[in-house]
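Just below is one structure, and these are the notes that go with it.
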């Protein structure tokens, strides 16, 4: 299911926009502040981020400036002000929609942004990955990526099991060599850092997929 992060001022369980998106097959995760938004951005595979401009400006502006993700952001606003639209785009938004929204238009814009974000990489080049165990470097698609020792071992382990879902418990035991605690986020942190490095090298972060409720998988 496609995950949508919805940053809005309301704290209700399900707004009209979230409900309509859910009916279109999206899984909508609602937050009302930048801190919770960043946590979701780091731990989930997101199709897009919807940012309601009714959220206090300090939070919403900071989020747009500080974001470290290539996930598309669509700003939702109560007016169709040219100044507000330009400010949103200058701050890093990928698109802008004024309320009241037409849910069909929103869905079409989400589809356009999704197509735009697909990495243009030759699959024949990416299928062959070279590993350097001495300096924890992976090379493919004509690029090299230097990882930490733990990130490297996680990447290699998932690559060797590509196409399979590897549970967090297995990764924790086989790679981190310890039991997975109930509130242990070390594994998620290493995966998140690896994805961020992939993005910085203009490589697809989706090589490492989150399988919700199960674990992670490696996929070309």
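Along each principal axis, taking the top coordinate minus the bottom one, the Cα set of segment 123-218 gives 39, 26, 22 Å in descending order.
Counting other Cβ atoms within 10 Å as a rough exposure proxy, the listed residues 187, 176 run 176, 187 from fewest neighbours to most. Pairs of Cα atoms nearer than 8 Å and 6+ residues apart set the relative contact order; for segment 123-218 it is 26 percent.
With 0.36 nm allotted per residue and the present C-alpha distance subtracted, the residue 89-residue 184 stretch has 30.5 nm of extension available.
Read-outs throughout are calculated quantities, based only on the coordinates presented, and are distinct from any laboratory measurement. Since the model is a prediction, treat every value here as computed from it, not as a measurement. Virtual Cβ from ideal backbone geometry, glycine too; neighbours counted across all protein chains shown.
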